[in-house]
1. Quick one: which of GLU18, GLU51, GLU39, GLU60 is acidic (Asp, Glu), surrounded by 10 or more Cβ atoms within 10 Å (Cβ to Cβ) and out of contact with any helix residue (DSSP H, G or I) (no Cβ under 6 Å at 6 or more places or on another chain)?
2. Determine which member of the set SER75, SER4 is over 14 Å from the mean Cα position of the chain (by Cα) and of a type in the set (S, T, N, Q).
3. What residue, among those in segment 56-96 that are β-branched (Val, Ile, Thr) and either in a loop (DSSP other than H, G, I, E, B) or modelled with pLDDT of 90 or more (or both), is nearest to TYR31 (Cα to Cα)?
4. Going through segment 77-95 one residue at a time, which ones are more than 22 Å from ASP16 (Cα to Cα) and in contact with a Gly (Cβ under 9 Å, 6 or more places away or on another chain)?
5. Can you find, within segment 23-55, the residue that is modelled with the lowest pLDDT among those that are in a loop (DSSP other than H, G, I, E, B) and polar (S, T, N, Q)?
6. Report, ordered by the first and then the second residue, all pairs with beta carbons closer than 9 Å, sequence separation of six or more or different chains, a first member in segment 87-100 that is on the phi > 0 side of the Ramachandran plot, and a second member that is among the aliphatic types (A, V, I, L, M) and modelled with pLDDT of 80 or more.
7. Can you run down the residue pairs with Cβ atoms below 6 Å, 6 or more apart or on separate chains, where the first is in segment 22-34 and farther than 25 Å from ALA3 by Cβ and of a type in the set (A, V, I, L, M) and the partner is surrounded by 14 or more Cβ atoms within 10 Å (Cβ to Cβ) and modelled with pLDDT of 95 or more?
Amino acid sequence: MTASYVSPGDATEWKDVEEGYRYFFDESGNYDRTDFNKEVLNSGDYEITDEELYLYFIIEGKKDTLGYSADFNESKTRLTLSPSYPGICIEGCLYRFEKQ
């Protein structure tokens with residue numbers, strides 16, 4: 001993650017994130033979420049459509065899901081995510097990732 005836009009209930013702006021977490025996606029539908037030093041925090045499967053990203057993972061022996069609205073820039077080098085499932089941000093929250 002390179003930037004975040006999280007509103008505490010009033011106006012906000014993009015803020016740079018140093019040492020943010022990272023996602024690694026493979027072509028087989030698997031992902032790893034790591035900290036900045038690439039230590040794996042969690043893993044699972046993913047599904048992506050034109051506008052949504054779903055992450056499926058196991059927690060306490062049960063399959064769980066996180067859903068995001070996903071927006072790529074034209075060159076597919078920047079991904080902006082906003083939580084959509086199971087919870088949403090009423091005042092708005094966005095997280096920006098850059099392809100490396």
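The values are calculated or read from the model by the stated rules, or taken from the named source; none is laboratory data. From a predicted model like this one, the values you see are computed outputs, not experimental measurements. Note that we place each Cβ from the backbone using ideal geometry, even for glycine, and neighbour counts take in every protein chain shown.
1. Answer to the selection: GLU51.
2. SER75
3. THR65
4. Result: SER84, TYR85, PRO86.
5. Among those residues, the one meeting the criterion is THR49.
6. GLY92/VAL6
7. From segment 22-34, no pairs qualify.
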